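Undergrad: The structure under discussion is supplied below as structure tokens; questions concerning it will follow.
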Amino acid sequence: MRRKLAAGNWKMNGTSESLAELDALRSAHPAPQVDVLICPPATLVTSAVVSVADHDIAIGGQDCHAKPNGAHTGDISASMLKDAGASYVILGHSERRTDHVEIDGLVRQKTLAAHASDLIAVVCVGETLEEREAANTLDIIAGQLAGSLPDVLNAQNTVIAYEPVWAIGTGKVPTTDQIGEVHDHIRAKLEQRYGEGVGRSIRILYGGSVKGSNADEIFAVSNVDGALVGGASLKASDFSPIITALEKA
Ligand code: PGA
């Protein structure tokens with residue numbers, strides 16, 4: 001059985017005041033039945049870890065450098081995130097791929113760096129609207145998985161997030177059939193490459209305009225093991241119903 005995961009990506013949002021949202025989440029979910037992860041901006045990782053101490057909520061980074069240290073102004077390494085108390089790191093998010101021209105090979109290097117520092121990598125893939133309209137979605141996803149994932153990984157150190165670029169922050173959500181088609185495809189590719197045992201145990205999240213109001217139907221789709229949530233993770237009052245929906249799924 002794959003343990004479900006509700007992951008929040010705060011992106012470039014949040015100052016120390018936002019830590020109150022973590023307190024609210026703790027109170028609303030004293031003993032969550034699913035894994036809960038919040039990825040605040042790097043400036044808040046340490047204080048977020050303190051805020052959730054003695055609780056099951058995990059804290060993660062939103063990116064890391066592929067190298068362990070060195071002359072890379074403005075970057076942070078996987079070992080620094082680990083040292084700050086993070087247990088996960090999001091890699092290859094479409095905003096990183098666009099804003100920072102991150103290509104699959106770099107995402108693969110970063111995934112290896114995350115694993116070397118004992119972080120769980122949440123590796124993101126997703127097609128643009130043009131790619132979907134050209135009926136290229138499944139090929140694009142297969143290519144991103146092939147290039148972004150290392151040859152050796154396991155279900156304990158890797159999570160996949162399927163995030164259609166056109167659904168991120170737009171309020172547009174694929175149909176449940178479209179989500180199911182891609183998640184089944186990702187599952188098949190993982191089983192092919194890593195063997196049935198590993199391929200079947202890796203969690204696959206859906207991300208892109210997930211809200212309390214659409215969570216139930218998304219979580220009912222086969223091979224959807226949770227969500228990566230942006231906007232609706234910023235407020236505990238918005239994220240909490242998503243956690244509850246996942247617990248019930
Ligand atoms: P969104 O973002 O929930 O605001 O659409 C999802 C993501 O980018 O992870």
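The values are calculated or read from the model by the stated rules, or taken from the named source; none is laboratory data. The shown structure was predicted, so the numbers you read here are calculated from the model rather than taken from an experiment. Every residue, glycine among them, receives a Cβ derived from its backbone with ideal geometry; neighbour counts consider all protein chains shown. These accessible areas exclude ligands, DNA and RNA; they are computed on the full protein's heavy atoms, side chains included. Shrake-Rupley method; radii C 1.70, N 1.55, O 1.52, S 1.80 Å.
Undergrad: Got the relative contact order for the chain handy, in percent, Cα pairs under 8 Å and 6 or more residues apart? Before the final figure, lay out the partial values.
TA: Working: 511 pairs, mean separation 52.8, N = 249.
Averaging sequence separation for qualifying contacts and normalising by length gives 21 percent for the chain.
Undergrad: All other residues with a Cβ under 11 Å from the Cβ of residue 2 taken together, and with Lys, Arg as +1 and Asp, Glu as -1, what is their net charge?
TA: On the way: positive: 3, 4, 187, 200, 203; negative: 35, 225.
Overall, the nearby charge balance is +3.
Undergrad: What shape does segment 123-208 have by the C-alpha gyration tensor, where a ≥ b ≥ c are the square roots of the eigenvalues, rounded means a/c under 1.5, and otherwise prolate means a/b greater than b/c and oblate the rest?
TA: prolate
Undergrad: Please calculate how many Å² of accessible area segment 210-249 carries per residue, with a 1.4 Å probe and no DNA, RNA or ligand atoms counted. Before the final figure, lay out the partial values.
TA: Values: 1540 Å² over 40 residues.
Heavy-atom SASA per residue in segment 210-249 reads 38 Å².
Undergrad: A follow-up question, please. Provide Rg over Rh for the chain; use the alpha carbon set for both Rg and the Kirkwood Rh (inverse mean inverse pair distance).
TA: Checking Rg against Rh, the ratio lands at 0.93.
Undergrad: Given a 1.4 Å probe and heavy atoms of the protein chains only, how would you sort 77, 27, largest accessible area at the top?
TA: The residues order as 27, 77, largest area first.
Undergrad: Now, a different point. Pop out the ³J(HN,Hα) list for segment 235-245 in order, Karplus 6.51 cos²θ - 1.76 cosθ + 1.60 with θ = phi - 60°, rounded to Hz; leave Gly and Pro as x.
TA: Along segment 235-245, the couplings run 10, 4, 5, 8, 7, 4, x, 6, 4, 4, 4 Hz.
Undergrad: Next question, about the same structure. R0 = 22 Å: FRET efficiency of residue 69 with residue 100, Cβ-based, nearest 0.05?
TA: Values: r = 19 Å, r/R0 = 0.88.
Result of the calculation: an efficiency of 0.70.
Undergrad: Sticking with this one: So, with a 1.4 angstrom probe, what is the percent of accessible area on the chain that is carbon and sulfur?
TA: For the chain, the apolar C and S fraction of the accessible surface comes to 52 percent.
Undergrad: Hey, what's segment 106-159 come to in accessible area per residue, 1.4 Å probe, Å²?
TA: Working: 2230 Å² over 54 residues.
I get 41 Å² per residue for segment 106-159.
Undergrad: Can you give the calculated 222 nm mean residue ellipticity of the chain, where each DSSP H run of n ≥ 4 adds -39,500 (n - 2.57) and the sum is split over every residue, rounded to the nearest 500 deg cm²/dmol?
TA: Counting only the DSSP helices, I get -12500 deg cm²/dmol.
Undergrad: Hey, another quick one. Report, in listed order, any pair from 11/172; 110/211; 110/248 with a Cα-Cα distance greater than 27 Å. Intermediate results must be reported in sequence, preceding the final value.
TA: Details: 11/172 19 Å; 110/211 29 Å; 110/248 34 Å.
Checking Cα-Cα distances, 110/211; 110/248 exceed 27 Å.
Undergrad: I would also like to ask the following. Tell me, how many Å apart are the Cα centres for segment 1-78 and for segment 148-217?
TA: 20
Undergrad: Excluding residues on the same chain fewer than 8 positions from residue 189, give the aspartates and glutamates whose Cα lies under 12 Å from its Cα.
TA: 139
Undergrad: Under 8 Å for C-alpha pairs, at least 6 residues apart: give me the relative contact order for segment 127-233, rounded to a whole percent. List each step's numbers first, then the result.
TA: On the way: 153 pairs, mean separation 31.5, N = 107.
Normalised by residue count, the contact order of segment 127-233 is 29 percent.
Undergrad: Could you please report the charge total around residue 56, scoring K, R as +1 and D, E as -1 over all other residues with beta-carbon less than 15 angstrom from its beta-carbon?
TA: -1
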